[in-house]
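Notes for the one structure printed next.
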């Protein structure tokens, strides 16, 4: 019978290391041509927008449909995110998964998977732009792939919120030195890795501030009209990589609003498979544009549902949710 999986179970069954493995596997499936991913579609009326994305992975016997409404114009975060996991072979509903925490973990994991191959391995300082839901998860994931990470610089528009985020990171990672502030001009030049996880509509810093060799991960600009990075960052980058060209063509504001053609950049699945370069030289500036893929949600959901069944967790729906026999309407 189908399972209902809530955020508490996701928290238990999909720690950052597991999310990293799942997202890496998602990119491997894409590189082999063993899965498909449908870019996010948005439709709306008045102040409500419905977002729908989907993916298919036959080798995992999985089909995912992810949806979420955004019901205010002053925020970009979803109200509630739901993931429907179906069997590819039968169409049976395998699970209904709450996708809020799962989405947070898989987004951070994508940043870490990219940083493992695109950031310099000796990177020790991360500059984190953002104080919202997604920002701390980025550090939770990066500590797993940057063995020499010692310092995190939290930059926010509001000094108090930046310090709240910094305090939470200190508690979660007591071995890290975590500073907070509002000044990009002092933080960005110190960074080996810059992460932007905000809802900003205009660039967060001057691209001339980046030191040679910096890796930039941008996760907040998923609207063609909004950009976290200026054109200087993209111009200076030796390698610009996106999670998906199909997604980037529709909503990568850091490229579109800056006048760059997203079809000319590299997909990360190609980098993961060794078919393209993510970093060639230590002094290269590299950029990873992450907008989210349903295939990442699919692999994470399969992992969580399989782990829940093994552990006897989750609430089972009754037999009325079974698949309708083939040939019936």
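Readers should treat all values here as calculations from the given coordinates under stated rules, not as data from a laboratory. All of these numbers come straight from a predicted model, not from anything done at the bench. Ideal geometry is used to build each Cβ from the backbone, glycine not excepted, and the neighbour counts take in all protein chains shown.
What the table shows:
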quantity	calculated
Of all DSSP beta bridges in the chain, antiparallel share, percent nearest 5	50
Using alpha-carbon coordinates, inclination of helix 159-172 to the longest axis of the chain, degrees	70
Crossing angle, helix 100-118 versus the chain [Cα axis fit, 0-90 degrees, rounded to tens]	50
Sum of -39500 (n - 2.57) over DSSP H runs of 4+, divided by residues of the chain (222 nm, nearest 500)	-9500 deg cm²/dmol
Of 154, 70, 216, the one that fluctuates the most in a GNM where the chain has Cα springs shorter than 10 Å	70
Over the chain, relative contact order from alpha-carbon pairs under 8 Å, at least 6 apart, %	22
C-alpha long axis of helix 294-311 to longest principal axis of the chain, angle in °	60
Listed residues 302, 71, 242, most fluctuating in the chain (Gaussian network, C-alpha, under 10 Å)	71
Solvent-free Debye scattering, log10 I(q)/I(0), computed from the Cα coordinates of segment 10-91 at q = 0.23 Å⁻¹	-1.15
Mean Cβ count within 10 Å, highest first, over the residues of peptides 54-64, 96-106, 290-300, 183-193	290-300, 96-106, 54-64, 183-193
